[in-house]
1. Output the direction-averaged projected area (hull surface divided by four) of the convex hull of the alpha-carbon atoms of the chain, in nm².
2. Treating the Cα atoms of segment 128-211 as identical point scatterers in vacuum, please give the log10 of the normalised Debye intensity I(q)/I(0) at q = 0.12, 0.14 Å⁻¹, two decimals.
3. Quick one: which of 365-375, 169-179 comes out on top by average Cβ neighbours within 10 Å, and what's the full order, highest first?
4. If you take the Cα Rg of segment 224-306 and divide it by 2.2 N^0.38 Å, with N the number of residues, what do you get?
5. Across segment 436-545, what fraction of all alpha-carbon pairs, as a whole percent, falls in each successive 10 Å bin from zero upward?
6. Along its three principal axes, how long is segment 71-221 when you only count alpha carbons? Whole Å, largest extent first please.
7. Just order 237-243, 68-74, 247-253, 326-332 by mean Cβ neighbour count inside 10 Å, highest at the front, would you?
8. Could the peptides 508-516, 383-391, 133-141, 291-299 be put in order, highest first, of the mean number of other beta-carbon atoms found within 10 Å of their residues?
């Protein structure tokens, strides 16, 4: 590993992690080759594209051959070990195949969400010095080809731009299919010679930036393996499962559940490049999906869509949710309407999934807990306040290696003993686990009281006219900060009185009630579905008081 990538304290415990089998000496390419040898005709990917009539089915045998072909084509472009390849693709099979091709030859993947535009794309390509860009020529009426033409003069490291369904082209542009057709294969031994080690870097994934500048999270094959093992074992995923997530593979959720988790298990992944709950229910029925990971808002959408038009969900055995606050009422709604149990987890890009509720927990336990840590992750609640809440710190085999070319930012959140400060506020759940109650930077202090933001949001989310809600601070010289409930309404917007009456009925203390309700048509979301509260605060500050 060169100095280009930062070694963090977690990496120094590799020998101990291996001794416990939390890390290994193989990579996800080895998982692919094992599945291709064991069950070559089993579908690895069933890909549904929103604007195409046909679904694409790719078996493990076909995927292994495609990966080798793309790997050879990347070598022909001059891509070498630790060169960075940027993938700005929707949830299409080409993402899996190209990412694994990078893994085949020791290159590093830098995903970019498909809905990112000039500012974010230029930032990531410039910061990583990516040598190859792969994306759609156009997607959702936006021309990625035209954007990259504009950006290329300011990106000296970017040598090749490869587009799916490119019609015509300029110098430096390649059509994905034509590029592969013109690239001869290489002997397996030549590809094997370039194979990376399990401790090498595979991924630089930029955080979604809910509070500020995104940071490039660096993961090795082994840190990702520990994450994959944690989430797979918690949900008991096997090769018999059919796995689906509506999240894009350019964020950690989709990268795990649409890519690495089914690959490691030898299971089948079902893709949808647009995450619509109605379409999700159709995919469950048609492909007998057994496992879904989705953020709470999408899970709520599944409940609503199934109530409007029931479908057969007999194959579905579990829905795992997290990545945002899980409203307690949602657990019962999923059980009553969808007939499925729910498991909750806590995680983040730097850690992946780290705490999990278990299949044998009481059915309603995910309404009260974000789970217990897996065996190779430790959690610590530091600086506890009078109400028992404190800062969540974690360390273990899942932990990333650092922030790309920003070692000072990583050093600021990791202490000498390797504890990573997550920025989350948590309480002990009473059974060896944690319950997230807010973010350190998301605390609202009103008249001297710290408002438990996530708990108030969860209570408001149960209001029948609230489709989505975010509590944000509204500065006030008299009380310090006022509480503003930003709401996306269902049929008609609740008033401030409606909201307060609802919280009163829920037993919420009056000092936590909102001072103001602001209704919006939609929330500003990150690529992983998290609400960008700093955007809401900017909007509130710009409004006349």
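Coordinate-derived values only; no laboratory data. Computed from a prediction, not measured in an experiment: that's the story for all the values here. Cβ placement follows ideal geometry from the backbone for every residue including glycine, while neighbour counts extend to all protein chains displayed.
1. Averaged projected area of the chain's Cα convex hull equals 25.2 nm².
2. -0.52, -0.69
3. 365-375, 169-179
4. 1.02
5. With 10 Å bins starting at 0, P(r) equals 14, 50, 33, 2.
6. 43, 37, 28
7. Going by the mean number of other Cβ atoms within 10 Å, highest first, we get 247-253, 68-74, 326-332, 237-243.
8. 291-299, 133-141, 508-516, 383-391
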